1. Could you pull the accessible area for LEU14 with a 1.4 Å probe, rounded to 10 Å²?
2. For the stretch 26-35, take each phi angle, set θ = phi - 60°, evaluate the Karplus expression 6.51 cos²θ - 1.76 cosθ + 1.60, and give the result in whole Hz per residue in order, putting x for glycine and proline.
Amino acid sequence: MEAINEVHVSEPGLVVVDVAAADDETAFAFHTALAARWAATSVERTTRDAGQPGVRLRCYLDLRQPLDASGQAPAAPR
């Protein structure tokens with residue numbers, strides 16, 4: 001996987017999540033659970049490391065932007 005860029009964790013609440021899972025289905029299910037709760041980058045594929053079991057996936061979360069039940073960031077207070 002690529003190195004973590006300083007901008008990805010430049011402020012409190014920004015998170016880099018590296019997932020190691022047995023298969024694509026498990027990795028994507030975990031990402032879906034994260035994305036249902038917080039603002040997350042989309043992911044389209046997993047990677048495999050030669051000679052290593054399973055798959056890997058990286059996504060970025062912004063914990064400062066929790067999502068509501070509809071999957072949208074709540075409106076800012078007026």
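1. Taking all protein chains as shown, LEU14 has close to 40 Å².
2. Once rounded to whole Hz, the list reads 5, 4, 5, 5, 5, 4, 4, 5, 5, 5.
The values are calculated or read from the model by the stated rules, or taken from the named source; none is laboratory data. What you are looking at is a predicted structure, and each value in this text was computed from that prediction instead of being measured. Quick note on the areas: whole protein, heavy atoms, side chains included, nothing else; ligands and nucleic acids left out. Shrake-Rupley method; radii C 1.70, N 1.55, O 1.52, S 1.80 Å.
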